[in-house]
1. From the phi angles alone, apply the Karplus equation (6.51, -1.76, 1.60; θ = phi - 60°) to the range A:26-32 and give each ³J(HN,Hα) in whole Hz, x where the residue is Gly or Pro.
2. With +1 on the Cβ of every Lys and Arg and -1 on the Cβ of every Asp and Glu, and nothing else charged, how large is the dipole of the protein assembly as shown about its Cα centre, in debye rounded to the nearest 20?
3. For a test of the definition: using alpha carbon positions, the gyration tensor, and the 1.5 limit on a/c, classify chain A as rounded, prolate or oblate.
4. Hey, got the average number of other protein chain Cβ atoms within 10 angstrom for residues in B:8-21?
5. Within straight cross-link reach of A:Lys99, meaning Cα distance under 20 Å, which lysines are found once same-chain residues fewer than 8 apart are removed?
6. So how do A:25-37, B:1-13, A:47-59 stack up, highest first, on mean other-Cβ count within 10 Å?
7. Along the charge dipole of the range A:78-161, pointing to its positive end and built from +1/-1 on Cβ of Lys, Arg, Asp and Glu, which listed residue (A:Gly80, A:Leu112, A:Asn147) has its Cα farthest out?
8. How far apart, in nm, are two points set 7 Å out from the Cα along the Cα-to-Cβ line at A:Asp25 and at A:Glu232?
Amino acid sequence: MLAKRIIPCLDVTNGRVVKGVNFVDLIDAGDPVEIAKKYNDQGADELTFLDITASSDNRDLILGIIERVAEQVFIPLTVGGGVRAVNDVRRLLNAGADKVSINTAAINNPSLVSNAADRFGSQCIVVAIDAKKTGNDWEIFTHGGRNPTGLNAISWAKEMVRRGAGELLITSMDKDGTKSGFDNELNAAISSEVDVPIIASGGVGNLDHLVDGIIEGKADAVLAASIFHFGEYTITEAKNHMRHKKIEVR
Amino acid sequence: MIAIVDYGMGNLRSVFNAFKKVSPNQKILVTSDSKLIQAADKVVFPGQGAMPDCVRELSERNLIESVIDAARNKPFLGICIGLQMLNNFSEEGNIKGLGIIDGRVLKFKPKNHFNKVPHMGWNEVHRPKNHFMWNGIPNNERFYFVHSYYVQPQSRNLVAGECVYEKPFCCAVSKDNIFAVQFHPEKSSQAGLQLLQNFTRWKV
């Protein structure tokens, strides 16, 4: 049976992996290759790197990280953050990324998703969706949940799949950073409307949240950052817990 | 020398990196030069994206003949679309393949909405028969898949590996000097590296 995936997310800035709470008090988390190897050894199914570099000058530094990780770690690597053009996608794939995640640029220019999928194949195009509950619906927000776009999250998800997204990474901006679990209602609503796999993100505080994300949220994969970075849980522990709850894991 | 056939579809660096990892002293080339493919001891035929694009790019680079020649004569490893292209026909674009394997490429049409397409992630590979390429890998080991089409060989004898996604499908084909897989060994951690190492040691 196909296993549900656990994906640790690593924040990268200025060519280093960092950890912090809500992007403040960032501290150096160590060598990216060593961290990637550690997660790989623990059984991570994929790795996601999120480039949080503010200035575009230093954004190329992530290419070096991906190149080094791809020489040593042989599981799928996804890179997101600051992807604006087909050429950005090309450079990340050439550096060794297997998938590239597109967020704000898809909203500003939806044809970027179609163009990138036509050129490189849907299998490597992930669209990241940041959504917030507004009344009975969810709306797409940008800039860390500050700017509303007026786009309905479910219609947007369908539109992105129609344009060639091979996977959706859904982050609840209500839940992100709260450690109170995913927005499973949002994830299940999207998962039942699209044919591509979805990754649940935002809000994980304990291992039961990962289980709920799969069972209640109908997610195909769960992404978490802080519970793994700060050593609260290892990926091995997360997998054992999920296995115990009868979820198929690797 | 192992030649990885480059026809401009997708990034072959991870395939190259994985071979370098398992066989650092062996000469590994990523090439679109048919002379080098002819000269190689072994050939790797990868592929990603859509099969019609892959066949077109292969044809535009005049590589079809050298790939068919390699598939008839030397240890040959097909990966993902590289497996699919060996078949007679694909539902993707309703096109002809290279016709090296008697089989067809079909699209996943899951009945259950929560079986997503593409089939993406780590799934178990069952083995109907032993093969040198499986050495050192436990039966039912998981490999990483990402694909929307699968192959259906005409004869059971061609099936070297099976996987279940709603129903069983063939995920590895073997025929004489050919071994071809639907999953990505270069992204399948230890088990995938073992398979690639086996290829570097495979004598036919």
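1. 6, 10, 5, 9, x, 6, x
2. Once rounded to the nearest 20, the dipole reads 1260 debye.
3. Rounded, since a/c falls under 1.5.
4. 4
5. Filter leaves A:Lys4, A:Lys37, A:Lys158, B:Lys116, B:Lys187.
6. B:1-13, A:47-59, A:25-37
7. Positive-end residue among those listed: A:Gly80.
8. Inter-label distance under the simple model: 1.4 nm.
Laboratory data are not the source of any read-out in this text; all were calculated from the coordinates shown. Since the structure is predicted, the reported quantities are computational estimates derived from the model, not experimental observations. Methodologically, a virtual Cβ is constructed for each residue, glycine included, from the backbone with ideal geometry; neighbour enumeration extends over all protein chains shown.
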